[in-house]
1. From the phi angles alone, apply the Karplus equation (6.51, -1.76, 1.60; θ = phi - 60°) to the range 77-83 and give each ³J(HN,Hα) in whole Hz, x where the residue is Gly or Pro.
2. Ignoring ligands, DNA and RNA, what percent of the 1.4 Å accessible area of the range 40-109 is carbon and sulfur?
3. Pop the C-beta distance of Leu167 and Asn46 into the FRET formula with R0 = 45 Å and round what comes out to the nearest 0.05.
4. Applying a 10 Å radius around every beta-carbon, put 161-171, 89-99 in order of their mean neighbour count, most first.
5. So between Leu181 and Glu137, what do we pick up on full extension, going 0.36 nm a residue minus the alpha carbon distance?
6. At 1.4 Å probe radius, can you tell me the per residue accessible area of the range 63-179 in Å²?
7. Ignoring solvent entirely, what values of log10 I(q)/I(0) come out of the Debye formula for the range 24-122 at 0.21 Å⁻¹ when each Cα is a single scatterer?
8. Quick one: which residues, 5+ away or cross-chain, put their amide H under 5 Å from the amide H of Asp48? H built at 1.01 Å from N.
Amino acid sequence: MEIPMGSQCHFSKGLLLSALLLALWVPRGSWAALRIQKIPEQPQKNQDLLLSVQGIPGTFQDFIWYLGEEAYGGTRLFTYIPELERPQRDGSAMKQRDIIGFPNGSMLLHHAQPSDSGTYHVEVTINPSWTMRAKTEVHVSEKQTELPITQLPVTTGIAAAIIIGSLAAGSLFIGSIAYLLVTRGWRGRSHRMTTTAKPELSPRRDTGDNNIYEVMPSPVFLVSPLSGTEFTNGLTAPPLPPPLQPQPETQHYQDLLNPDPAPYCQLVPTP
């Protein structure tokens, strides 16, 4: 079966048009395929900053990094050509910066400073007719950034808990000291009251005599002068010995002058 000439002509034109549209659709300079990720997102002074490029095909010819609003020779940081022995070639915008390029298109900035803030561009050349581009804004801050508002309630709660705990601990400490002082004062007062209330065994009457007398129990029963010859306990007292008759002083001399011979007469000489 033969195809008519008119049909062949329409088929050839449709295939040619599709091929042309496909060739025009292939991007020669693409911004949407590349993406730059900042690590960290908010760099601080003297921190290392990594600009990681994502979306590069497996093979490429070279890539160039720029720092500035426009990408041209005056803002070129470095060019990286993987096929060379020394792939990195620094540009005029490098100055004193310490930047290292990687084969995957990324770059690492050591000890970032506030002067390194700005717009970073990257151009990746896949082939002479295909170049991919991307850019990102970098801001290096001088000091620590403030915490997000969502974290403020947590911080406030922690601070309130610390303050309340400190007050509770202080109150407990002061209460313990007050309890010890009150207990010690009560014990001292109780001891003094006990010492003061102790009765005296022999109260001393104020008779004008400063001498100290000691009262001792009597070893014998005493006769009460009010009960006559009776004991205080109801028993009768023993009879008193008769009083001695007084003898004249000359009686002793008379006995010496006139001795009694009776004792001497009873002496008998022994044979």
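The values are calculated or read from the model by the stated rules, or taken from the named source; none is laboratory data. Quick caveat, the model's predicted, so the values are computed rather than measured. Positions of Cβ are backbone-derived with ideal geometry, glycine not excepted, and every protein chain shown enters the neighbour counts. Ligands, DNA and RNA are excluded from the accessible area calculation, which covers all protein heavy atoms including side chains. Shrake-Rupley method; radii C 1.70, N 1.55, O 1.52, S 1.80 Å.
1. 7, 6, 10, 10, 10, x, 6
2. Working: 1840 of 3930 Å².
Reported share for carbon and sulfur atoms: 47 percent.
3. On the way: r = 40 Å, r/R0 = 0.89.
The formula returns an efficiency of 0.65 here.
4. 89-99, 161-171
5. Numbers: separation 44, 0.36 × 44 = 15.84 nm, distance 6.84 nm.
Contour length minus Cα-Cα distance gives 9.0 nm.
6. Accessible surface, normalised per residue, equals 63 Å².
7. Debye intensities relative to I(0), on a log10 scale: -1.19.
8. Correct list: His111, Ala112.
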